[in-house]
1. Within the range 255-276, is there a residue that is open to solvent by less than 20 Å² (accessible area, probe 1.4 Å), closer than 30 Å to GLY185 by Cβ and in contact with a Phe, Trp or Tyr (Cβ under 9 Å, 6 or more places away or on another chain)?
2. Among what's in the range 216-254 and is closer than 30 Å to ILE156 by Cβ and among the aromatic types (Phe, Trp, Tyr), pick the residue that is surrounded by the fewest Cβ atoms within 10 Å (Cβ to Cβ).
3. Among the residues of the range 2-14, are any at pLDDT below 90 and open to solvent by 30 Å² or more (accessible area, probe 1.4 Å)?
4. Looking at the range 277-288, which of its residues are assigned to a helix (DSSP H, G or I) and open to solvent by 50 Å² or more (accessible area, probe 1.4 Å)?
5. Listed residues TYR100, TYR135; which is modelled with pLDDT of 85 or more, open to solvent by 80 Å² or more (accessible area, probe 1.4 Å) and hydroxyl-bearing (Ser, Thr, Tyr)?
6. Of the residues that sit in the range 323-343 and are within 14 Å of LYS297 (Cβ to Cβ) and not in a loop (DSSP other than H, G, I, E, B), which one is nearest to the chain's Cα centre (by Cα)?
7. Is it the case, given these coordinates, that LYS47 is out of contact with any strand residue (DSSP E or B) (no Cβ under 9 Å at 6 or more places or on another chain), in a helix (DSSP H, G or I), under 25 Å from GLN103 (Cβ atoms) and open to solvent by 50 Å² or more (accessible area, probe 1.4 Å)?
8. Quick one: would you say ALA23 is touching a residue at least 60 places away in the same chain (Cβ under 8 Å), buried (at least 20 other Cβ atoms within 10 Å of the Cβ), part of a helix (DSSP H, G or I) and touching a Lys or Arg at 6+ places or on another chain (Cβ under 9 Å)?
Amino acid sequence: MDLIPFLANIISVSHSDGKLSAAENSQLEAIRSELNFKKSDFAKASKIVEMGNYQLTPVGSFTDQVKNLECILRIAYADDELDAHEVELVSAFCQLVGIYQDQLDKIAADVLSTLQNLGKICASCGSQASKDALYCPNCGAGLSDSDGSVQLAFEIPDKGISIEFSDSSSTTFPKALEIAKISDGYQTCVKLKKNWHLAYYKSGSVLEALPIAETLSGTRNRRAFLNGTEVPWEELFGFMWCSTQRSRAYRPVEYCFGKDQNRINPWGCRHSQMDWVEWSEWFKYGRWEKGGPGGAKAIWRFDKERIRHELATRLFRYRYCPYLNTGLAEAVIHNLPDTIAPEIDKDWKFNQNYEEIPNSIKVTEREGSGVNSYTRQFWSDGVRPVGHQVLTEILTSAFREIGLDDVAAKVLLK
């Protein structure tokens, strides 16, 4: 007979309601001792159950399966009446092994009779105590449910942000625990023989959860949940290093726009890597058309959908950053000119290449004057901005569109 699933079946019943009472713990120790199971096997079975989604599994002969059912019932009746979770598990196991109601009634009656005659077993030291004892006569450990009930899983709220983490030797652990205890909802439980803690922030604001996330930056055993669903830590807090740098900046808003690097992006996030500089690739996202009188002028039409897609792709990792304003990005795209005529518009010029590439056009320009004039030809696959005048106009309109003070645009571009 495979001992691990045999034990796991029993343990799963004790874990069914998310708590392990002193009575259940005592019965587990009594069963382990009576059947002479090794503590290492018991630990392996416990780990399987605590990993979650364990399904009851019949093992061994029919006699072994009946014995397994007796042990399951001992755990289920340890706290007197069976609760709904235990009834469901017992019924499922009986169906798996082919035990009918009349047989179950007889087995249950025998188990209840045995429990009434048994005393309590101390889960701490294994000593026997009377069934009315509140404390172990050997080690003094509490034997009542009020002393020994242990939560085995967290109740993750379906709204807000939840952060769970285990005990750690990290120097920042005490601070993390202190922060967790003053959150909107603190819980603690035991999983895989480790104490775990949960901090809850009902507002769902990542900014509110940032202090504990920063404290747990060097901790391995940590998990994050957003509205009841687990989110990879690096996704929810992928912005954290950047946020720390922002808090140290002389002007935090300018940090996000990249001005501290003597370059600026119009999106309000330096991670866009789509700056307002001549060599930016995103100024090539579009196509050439003919326009003007007689269709003689080259007109550049921006592909705003491609710009929008590229921006969303680059900023996806930082989408939970509390300083990222997606409304601003959309307003900037909206206020970006649909078309540009570089031959006419002094704020734009042709992007130059000296060999033909896909989607480029041949451009002839005259420079100089009089006897010093000359023409030159090149290929163009996009446009380049001249200075920051257009950017100032775009940001001013975008800020106004989303309700920000447009003075900020002027400050950014000084």
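1. No, there is no match, as no residue in the range 255-276 is open to solvent by less than 20 Å² (accessible area, probe 1.4 Å), closer than 30 Å to GLY185 by Cβ and in contact with a Phe, Trp or Tyr (Cβ under 9 Å, 6 or more places away or on another chain).
2. TRP241
3. Yes, the range 2-14 contains a residue that is at pLDDT below 90 and open to solvent by 30 Å² or more (accessible area, probe 1.4 Å).
4. Narrowing the range 277-288 to residues assigned to a helix (DSSP H, G or I): 281-284.
Those that are assigned to a helix (DSSP H, G or I) and open to solvent by 50 Å² or more (accessible area, probe 1.4 Å): GLU281, LYS284.
5. Numbers: TYR135 fails: modelled with pLDDT of 85 or more.
None of the other options fit; the residue is TYR100.
6. Of the range 323-343, the ones within 14 Å of LYS297 (Cβ to Cβ) are 339-343.
Now narrow it down to the ones that are not in a loop (DSSP other than H, G, I, E, B): 339-340.
Details: THR339: 41, ILE340: 43 Å.
Of everything passing the filter in the range 323-343, THR339 is nearest to the chain's Cα centre (by Cα).
7. On the way: out of contact with any strand residue (DSSP E or B) (no Cβ under 9 Å at 6 or more places or on another chain): yes; in a helix (DSSP H, G or I): yes; under 25 Å from GLN103 (Cβ atoms): no; open to solvent by 50 Å² or more (accessible area, probe 1.4 Å): yes.
Spelling it out, it is not the case that LYS47 is out of contact with any strand residue (DSSP E or B) (no Cβ under 9 Å at 6 or more places or on another chain), in a helix (DSSP H, G or I), under 25 Å from GLN103 (Cβ atoms) and open to solvent by 50 Å² or more (accessible area, probe 1.4 Å).
8. Values: touching a residue at least 60 places away in the same chain (Cβ under 8 Å): yes; buried (at least 20 other Cβ atoms within 10 Å of the Cβ): yes; part of a helix (DSSP H, G or I): yes; touching a Lys or Arg at 6+ places or on another chain (Cβ under 9 Å): yes.
Taking the combined requirement at face value, the residue satisfies it.
The values are calculated or read from the model by the stated rules, or taken from the named source; none is laboratory data. Note that the structure is predicted; figures quoted are calculated from it, not measured. With ideal geometry, Cβ positions are generated from the backbone for all residues, glycine too; neighbour counts draw on all protein chains shown. Side chains included, ligands, DNA and RNA excluded: accessible areas come from the protein's heavy atoms. Shrake-Rupley method; radii C 1.70, N 1.55, O 1.52, S 1.80 Å.
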